[in-house]
Amino acid sequence: MISKEIENYCIEHSTCPSDHVRALGDFTRSGVHGSNMLIGEMEASVLAFLIKLGKVKNILELGTYTGYSALAMAEQIPEDGKVITVDINPETTAIAKRFWDESPHGKKIQQILKPGLKALEELEENFDLIFIDADKNNYSNYLEWALKHLSPNGIIVVDNTLWSGKILTPGLDKQTDSIINHNKKVQELSGYTKTLLPVRDGMFLIQRS
């Protein structure tokens, strides 16, 4: 949404993930299909700020990919904190586990290899931060679950909510319309403070008022 030069300037002046996370990002971009799904250093920095600000200890992530965001978030939580991350791809999550094992923070991460909605059926606890970055067609379903499983001061963060600007053109495809519908649901929520940030591909932040 902004020029690469401005983004790099912001990254250079921000707290960013460790060399372990950077190595995972470099590996992913060098040859893993779909590397555009990485959240990148700028979004990781925003998540780190939210985690520290909210004194977050337990996190649920929907959408692991190669584990970049899970590890970036795990670095920011205390030693007794945890990140539960959900995905269905055994190949990309195997890459994730390899890099997590090389980090002192990898032990905080628990992987669930199941479809998102199926995994949520088995999770009953509340979370301080819920990061939604999985299949876009289920964004509204994930949101409904997250609203019921958010700790009192918790934060929901939904990624890709600008969808490369396609949200301005309803009817393009099912994924675009699913994100538009999700964004509308968030807009209409009462009792919550919401802000949609034009960071990377859009970050929607949601918290009880």
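Could you tell me which of the residues 6, 11, 2, 95 is among the aliphatic types (A, V, I, L, M), touching an Asp or Glu at 6+ places or on another chain (Cβ under 6 Å) and farther than 27 Å from residue 152 by Cα?
The unique qualifying residue is 11.
Restricting to segment 89-121, give me the number of residues that are under 17 Å from residue 132 (Cα atoms) and either polar (S, T, N, Q) or without any contact (Cβ under 8 Å) to a residue 12 or more places away in the chain (or both).
The total comes to 6.
Out of segment 7-30, which residues are aliphatic (A, V, I, L, M) and within 17 Å of the chain's Cα centre (by Cα)?
Within segment 7-30, 21, 24 qualify.
For every residue, the table says whether it meets (1) free of Cβ contacts under 8 Å to residues at least 24 places away in the same chain; (2) of a type in the set (Val, Ile, Thr); (3) closer than 28 Å to residue 8 by Cβ; (4) crowded, with 16+ Cβ neighbours inside 10 Å.
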{"site": "142", "(1), (2), (3), (4)": "no, no, no, yes"}
{"site": "156", "(1), (2), (3), (4)": "no, yes, no, yes"}
{"site": "196", "(1), (2), (3), (4)": "no, no, yes, yes"}
{"site": "204", "(1), (2), (3), (4)": "no, no, yes, yes"}
{"site": "208", "(1), (2), (3), (4)": "no, no, no, no"}
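With a cut-off of at least 2 residues that are within 15 Å of residue 32 (Cβ to Cβ), name the helices (runs of 4 or more DSSP H) lying wholly within segment 58-121.
Output list reads 68-74, 90-101.
Looking at (1) surrounded by fewer than 17 Cβ atoms within 10 Å (Cβ to Cβ); (2) more than 14 Å from the chain's Cα centre (by Cα); (3) touching a residue at least 24 places away in the same chain (Cβ under 8 Å), can you tell me which one residue 188 breaks?
Going through (1) surrounded by fewer than 17 Cβ atoms within 10 Å (Cβ to Cβ); (2) more than 14 Å from the chain's Cα centre (by Cα); (3) touching a residue at least 24 places away in the same chain (Cβ under 8 Å) one by one, residue 188 breaks only (3).
Taking residue 130 and the conditions (1) closer than 22 Å to residue 40 by Cα; (2) in a helix (DSSP H, G or I), which numbered condition does it fall short on, given that it satisfies the others?
(2)
Could you tell me which residue of segment 89-140 is farthest from residue 59 (Cα to Cα), considering only residues that are crowded, with 19+ Cβ neighbours inside 10 Å, touching a strand residue (DSSP E or B) at 6+ places or on another chain (Cβ under 8 Å) and among the charged types (D, E, K, R)?
Of everything passing the filter in segment 89-140, 133 is farthest from residue 59 (Cα to Cα).
Considering only segment 67-75, I want to know if a residue exists there that is surrounded by fewer than 24 Cβ atoms within 10 Å (Cβ to Cβ), at pLDDT 95 or above, more than 21 Å from residue 202 (Cα to Cα) and not β-branched (Val, Ile, Thr).
Yes - at least one qualifying residue is present in segment 67-75.
Could you please find all residues in segment 73-88 being touching a residue at least 24 places away in the same chain (Cβ under 8 Å) and more than 16 Å from residue 132 (Cβ to Cβ)?
Correct list: 74, 75, 76, 77, 79, 81, 82.
Taking the residues in segment 14-57 that are of a type in the set (Lys, Arg) and assigned to a helix (DSSP H, G or I) as candidates, determine which candidate is surrounded by the most Cβ atoms within 10 Å (Cβ to Cβ).
Out of the qualifying residues, it is 22.
Within segment 42-58, is even one residue free of Cβ contacts under 8 Å to residues at least 40 places away in the same chain and in contact with a Lys or Arg (Cβ under 8 Å, 6 or more places away or on another chain)?
No, that holds for no residue.
The values are calculated or read from the model by the stated rules, or taken from the named source; none is laboratory data. None of the values given here were measured: they were computed from a predicted structure. No Cβ is skipped: glycine too gets one built from the backbone with ideal geometry, and neighbour counts run over all protein chains shown.
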